[in-house]
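The values are calculated or read from the model by the stated rules, or taken from the named source; none is laboratory data. No experiment lies behind these values; they were computed from the predicted model shown. Reconstructed Cβ throughout: ideal geometry from the backbone, glycine too, with neighbour counts over all protein chains shown. For the accessible areas, the whole protein counts, side chains as well, though only heavy atoms, and no ligand, DNA or RNA atoms are used. Shrake-Rupley method; radii C 1.70, N 1.55, O 1.52, S 1.80 Å.
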Amino acid sequence: MNDDFDFDGKPARPQSRPMQMWDMLSILVLILTACIGAYFVYIFITPNSPFNILPPGGRGVQVPTATATPLQLQATWTASPTVELTPSDTPRPTFTPFFTSTSFSLVPPTKTAKPTSTPKAPFSAGVPTQVESTIIHPDLACNWAGIGGTVVDANNSPVIGTVVVLRGTLNGSTIEQQTVSGINKEYGPSGFEFVLGNTPIDSNKTLYVQLVDQQNIPLSDPVQISTSTDCAKNLVMVRFKKTR
């Protein structure tokens with residue numbers, strides 16, 4: 001009790017204590033906290049501030065822009081005289097032939113073989129004969145004109161079923177007919193016939209008769225036919241015979 005009062009009976013004044021280290025640290029922490037709070041408030045208001053270490057969208061890479069510097073001529077430029085060239089006659093280039101080696105041989109050249117002849121067709125025909133058609137068609141007299149004949153083998157036996165064609169032109173018209181041996185029995189077992197019209201007509205080898213196979217490959221050479229206006233020659237007879 002006596003410590004709180006002086007000798008005069010008055011209460012003693014409290015003595016002030018010096019500021020300790022913990023007090024100073026507390027003050028610094030308060031100041032630092034206030035600064036941090038102010039920084040966050042500033043960043044919240046201005047997010048694109050350069051003081052923001054994490055700006056929205058990130059910091060883009062800034063590419064330096066190039067500035068074109070125009071070329072400038074010297075302050076003074078004097079044109080220099082040009083030298084005029086005198087045109088001269090330049091000779092054209094000449095062609096130099098290349099030397100080629102000439103081959104030679106000590107062996108004399110052999111003779112070139114002559115081409116062999118094409119094998120003959122298996123059938124041939126004699127010379128066509130002009131006769132009167134009444135020997136085949138007695139009832140038609142001179143009102144008929146045509147070509148007929150037979151096809152036989154090497155032993156004169158009839159060959160039936162061979163294709164016979166008649167081609168060419170007659171009186172300005174194209175003729176294309178086809179038959180088979182053995183159809184017209186009046187000429188024989190292998191007889192064939194082509195009717196040219198109901199009137200004898202004159203022609204000079206503008207028609208031909210020929211034997212062919214099923215693929216139209218010739219089995220005989222073409223036999224040229226001539227016709228006549230003579231009623232005694234209005235049938236032309238052709239006989240094909242197998243030769244091989």
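For the condition more than 15 Å from PRO128 (Cβ to Cβ), touching a residue at least 12 places away in the same chain (Cβ under 8 Å) and surrounded by 14 or more Cβ atoms within 10 Å (Cβ to Cβ), what is the one hit in GLY188, GLY161, GLY168?
On the way: GLY161 fails: surrounded by 14 or more Cβ atoms within 10 Å (Cβ to Cβ); GLY168 fails: more than 15 Å from PRO128 (Cβ to Cβ).
GLY188 is the lone residue from the list that is more than 15 Å from PRO128 (Cβ to Cβ), touching a residue at least 12 places away in the same chain (Cβ under 8 Å) and surrounded by 14 or more Cβ atoms within 10 Å (Cβ to Cβ).
Evaluate the range 225-238: report whether one residue or more is exposed (fewer than 13 other Cβ atoms within 10 Å of the Cβ) and either farther than 26 Å from ASN156 by Cα or touching a helix residue (DSSP H, G or I) at 6+ places or on another chain (Cβ under 7 Å) (or both).
Taking the range 225-238 as the starting set, the residues that turn out to be exposed (fewer than 13 other Cβ atoms within 10 Å of the Cβ) are 230.
Subset that is either farther than 26 Å from ASN156 by Cα or touching a helix residue (DSSP H, G or I) at 6+ places or on another chain (Cβ under 7 Å) (or both): 230.
Yes, the range 225-238 contains a residue that is exposed (fewer than 13 other Cβ atoms within 10 Å of the Cβ) and either farther than 26 Å from ASN156 by Cα or touching a helix residue (DSSP H, G or I) at 6+ places or on another chain (Cβ under 7 Å) (or both).
Just to be sure I understand, how many residues within the range 193-223 are touching a residue at least 60 places away in the same chain (Cβ under 8 Å) and open to solvent by 50 Å² or more (accessible area, probe 1.4 Å)? Before the answer, list the steps.
In the first step, residues of the range 193-223 are kept if they are touching a residue at least 60 places away in the same chain (Cβ under 8 Å); the result is 207, 209, 211, 218-221, 223.
Now drop any that are not open to solvent by 50 Å² or more (accessible area, probe 1.4 Å), which leaves 218, 221.
Final tally of qualifying residues: 2.
Would you tally the residues in the range 171-185 being open to solvent by less than 80 Å² (accessible area, probe 1.4 Å) and of a type in the set (Val, Ile, Thr)?
From the range 171-185, those open to solvent by less than 80 Å² (accessible area, probe 1.4 Å) are 173, 175, 177, 179-182, 184; that's our starting set.
Subset that is of a type in the set (Val, Ile, Thr): 175, 179-180.
The number of residues fulfilling the criteria is 3.
Got a sec? Which of GLN130, GLN178 is within 51 Å of the chain's Cα centre (by Cα) and not hydrophobic (A, V, I, L, M, F, W, C)? First the steps, then the outcome.
Numbers: GLN130 fails: within 51 Å of the chain's Cα centre (by Cα).
Going through GLN130, GLN178 in turn, the sole match is GLN178.
Can you say whether ALA125 is exposed (fewer than 14 other Cβ atoms within 10 Å of the Cβ), aliphatic (A, V, I, L, M) and in contact with a Lys or Arg (Cβ under 9 Å, 6 or more places away or on another chain), as far as the supplied structure shows?
Here the answer is no, as ALA125 does not meet what is asked.
Of all residues in the range 140-184, count the ones that are of a type in the set (D, E, K, R) and more than 13 Å from GLN210 (Cα to Cα). Show your work before the answer.
Step one: filter the range 140-184 for residues of a type in the set (D, E, K, R), giving 153, 167, 176.
This time we only want the ones that are more than 13 Å from GLN210 (Cα to Cα), so: 153.
Within the range 140-184, residues that are of a type in the set (D, E, K, R) and more than 13 Å from GLN210 (Cα to Cα) number 1.
Go through (1) at positive phi; (2) at pLDDT below 95; (3) not aromatic (Phe, Trp, Tyr) for THR118 and report which single condition fails.
(1)
Exactly one condition in (1) over 53 Å from the mean Cα position of the chain (by Cα); (2) touching a residue at least 60 places away in the same chain (Cβ under 8 Å); (3) assigned to a loop (DSSP other than H, G, I, E, B) is not met by ALA121; state its number.
(1)
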